[in-house]
1. Step through the residues of region 155-169 one at a time and calculate ³J(HN,Hα) from phi using the Karplus curve (6.51 cos²θ - 1.76 cosθ + 1.60, θ = phi - 60°), rounding each to whole Hz and writing x for Gly and Pro.
2. Can you say what percent of the DSSP beta bridges in the chain, counting only those with both residues inside, are antiparallel? Round to 5.
3. May I ask you to order 135-143, 171-179 by the average number of other C-beta atoms within 10 Å around their residues, highest value first?
4. At a 10 Å Cβ-Cβ cut-off, how would you order D39, D11, fewest neighbours first?
5. Could the peptides 92-98, 122-128, 197-203 be put in order, highest first, of the mean number of other beta-carbon atoms found within 10 Å of their residues?
6. For region 93-109, take each phi angle, set θ = phi - 60°, evaluate the Karplus expression 6.51 cos²θ - 1.76 cosθ + 1.60, and give the result in whole Hz per residue in order, putting x for glycine and proline.
Amino acid sequence: MNTATPPDAPDSIVRARDLRLTVPSAAGPVNILSGLDLDVRAGEAVGIVGPSGSGKTSLLMLLAGLERATSGSIVVAGRELTGLDEDALARFRRATVGIVFQNFHLIPTMTALENVAVPLELAGDRAARDRARESLAAVGLDHRLTHLPGQLSGGEQQRVALARAFAPRPRLLLADEPTGNLDQATGQAVMDLLFGLRERAGTTLMLITHDMGLAERCGRRVTMADGRILAPGAARAAA
């Protein structure tokens, strides 16, 4: 597996330079990211591994525009994120990024269909309901359209989350331990769906996982430690 970071190139969908994130604490400032550099090519699948506290989730939050870097540059799909206001970041997410979390993050009072359709409706898509139905059918849930999250199993809830993430046809999918709350068999089925949807859509994937088997399914593995990305040789030693 190629663990090297590809060179900065015109086909890069993600480019981070000297990315730093420092947060306050009672003991003083804590460096979450410490001068991180990363390039991801369009259409690439990257598995992100490393110990807890290494900055993996914070990196994805910055790339999604859900947190702001202390300093450095983040360019995603040609947009420099560091200077955008909250409204512009929300528009960027709707147009460019899909996110799948470990905890599903479905709206409990909305049906599966409504959970998938709402982001599309917010983006002004007049065919939101039709696209939501298609997306739920693609994950095998066309018979669960009117069910609330509480009426679905954990695996079904995560499939709804996948349908919601893929429905807007994002250029970049960020997945943070998407099988963390699922048993092994259900998690395997969900990941088969995720990789299949990604391949058909040509979506760039950045996947945080502690499962080296899942990381190996990606075309490249990146290892983080202490807020940095390890060099390829160090990554192999840490794996």
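Bear in mind that the values in this text are calculations on the coordinates, not laboratory data. Note that the structure is a prediction, hence the values are computed from the model and not measured. Neighbour counts are summed over all protein chains in view; Cβ atoms, including those assigned to glycine, are modelled from backbone coordinates with ideal geometry.
1. x, 5, 4, 5, 5, 4, 4, 5, 4, 5, 5, 8, 4, x, 6
2. Details: 18 of 36 bridges.
Around 50 percent of the beta bridges assigned by DSSP in the chain are antiparallel ones.
3. Details: 135-143: 18.2, 171-179: 22.8.
Those peptides, ordered most packed to least, come out 171-179, 135-143.
4. Working: D39 19, D11 11.
Sorted ascending by nearby Cβ count, the order is D11, D39.
5. Values: 92-98: 19.1, 122-128: 13.1, 197-203: 15.9.
Taking the mean over residues of other Cβ atoms within 10 Å, the ranking is 92-98, 197-203, 122-128.
6. Couplings: 4, 4, 8, 10, 10, x, 10, 10, 9, 5, 9, 6, 6, 8, 7, x, 8 Hz.
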